[in-house]
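The numbers here are math on the coordinates, done by the rules we state, and not lab data. Bear in mind that the values here come from a model prediction, so they are computed numbers and not experimental data. All Cβ positions, even for glycine, are placed from backbone atoms using ideal geometry, and neighbour counts span all protein chains on display.
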Amino acid sequence: MTLQAEIASVIGNLSLPKELEEPINTARSVKSAFEQSFDTSSTIQVGEKFPSFHLPDASGAEASSAALLAKGPLLVLFFRGEWCVFCATTLRVLQQHAAAFEAKGVVLVAVSPEVPQIARETVDKLGLQFRVLSDAGNGLARRLGIVWKQPPEMVAALGRLGVDLKEKNGDELWEVPVPSTFLVDREGVVKNAAVEPDFTKRLEPQTMLEWIDQL
């Protein structure tokens, strides 16, 4: 089953109490407006240098772009947080392909604004064997042009759904990254990029593997 088919299955099997219909519909409306207004030309482009970074992983250990690239090309996936069922599904499916990425000599990392403690819970809950990095305040995501500040309507809707970004991210910015995937070669140049303002759509692992074969 493809990743998008798995996400479609998640959507189809969602069973929510009636009192949550309003916040869900609000979230869908806000998402739709964002999709129409988001300008992908304002994000980092293929051929540009990926910004250097130093981010803590789920164990609190520092991960630097230089150290990661010394091991091979870098596949960087940005996700909103484990609280997002579409992100959790994506991470779980990526884990199923982790060995294939490793066999091709590519380093896979996932990045979210969630604090290391939450990242640790994500790793344990989903059984992830690749590194999950914490991008405090969406600092790296901001440099890539993929930050979405949640409007008040979305903040309220997320709150009704039990999602507290202040607790998850350790700040009051109410921001999440736009789900994105970047393949960076050993020289630090972006070779492929997929930025998806519709957070119910994600890049297929098979496409990522095809990217790698083209390096």
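What to note about this one:
- Unmet requirement for E102, which otherwise passes all of (1) at positive phi; (2) free of Cβ contacts under 8 Å to residues at least 40 places away in the same chain: (1)
- Unmet requirement for Q95, which otherwise passes all of (1) touching a residue at least 40 places away in the same chain (Cβ under 8 Å); (2) under 24 Å from I11 (Cβ atoms); (3) not small (G, A, S); (4) not in a loop (DSSP other than H, G, I, E, B): (1)
- Within the stretch 25-78, being over 30 Å from A103 (Cβ atoms), in contact with a Leu (Cβ under 9 Å, 6 or more places away or on another chain) and of a type in the set (D, E, K, R) holds for no residue.
- Taken together, the criteria exclude D164 from residues that are more than 30 Å from P73 (Cβ to Cβ) and in contact (Cβ under 8 Å) with a residue 12 or more places away in the chain.
Residues checked against (1) hydrophobic (A, V, I, L, M, F, W, C); (2) closer than 20 Å to F199 by Cβ:
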{"site": "F101", "(1), (2)": "yes, no"}
{"site": "K104", "(1), (2)": "no, no"}
{"site": "A110", "(1), (2)": "yes, yes"}
{"site": "P113", "(1), (2)": "no, yes"}
{"site": "A119", "(1), (2)": "yes, yes"}
{"site": "Q129", "(1), (2)": "no, no"}
{"site": "L144", "(1), (2)": "yes, yes"}
{"site": "V147", "(1), (2)": "yes, yes"}
{"site": "P152", "(1), (2)": "no, yes"}
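- Within the set R131, R143, the sole residue that is of a type in the set (K, R), in contact with a strand residue (DSSP E or B) (Cβ under 6 Å, 6 or more places away or on another chain) and farther than 29 Å from E21 by Cα turns out to be R131.
- Among the candidates E102, E82, residue that is of a type in the set (D, E) and either within 17 Å of the chain's Cα centre (by Cα) or over 25 Å from L209 (Cβ atoms) (or both): E82
Every residue, every condition in (1) of a type in the set (G, A, S); (2) surrounded by 18 or more Cβ atoms within 10 Å (Cβ to Cβ), yes or no:
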| position | (1), (2) |
| --- | --- |
| V132 | no, yes |
| A136 | yes, no |
| K149 | no, no |
| A157 | yes, yes |
| G162 | yes, no |
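- Filter result (touching a residue at least 12 places away in the same chain (Cβ under 8 Å), of a type outside the set (S, T, Y) and part of a loop (DSSP other than H, G, I, E, B)) within the stretch 36-62: F38, I44, Q45, V46, G47, E48, F50, P51, F53, A58, G60
- The one condition from (1) assigned to a helix (DSSP H, G or I); (2) in contact with a Ser or Thr (Cβ under 6 Å, 6 or more places away or on another chain); (3) within 17 Å of N138 (Cα to Cα) that F86 does not meet is (3).
- Filter pass, R120 being in contact with a Cys (Cβ under 9 Å, 6 or more places away or on another chain) and either surrounded by fewer than 20 Cβ atoms within 10 Å (Cβ to Cβ) or not hydrophobic (A, V, I, L, M, F, W, C) (or both): no
- Restricting attention to the stretch 58-79 and to residues that are buried (at least 18 other Cβ atoms within 10 Å of the Cβ) and over 15 Å from V189 (Cα atoms), the residue that is farthest from the chain's Cα centre (by Cα) turns out to be A63.
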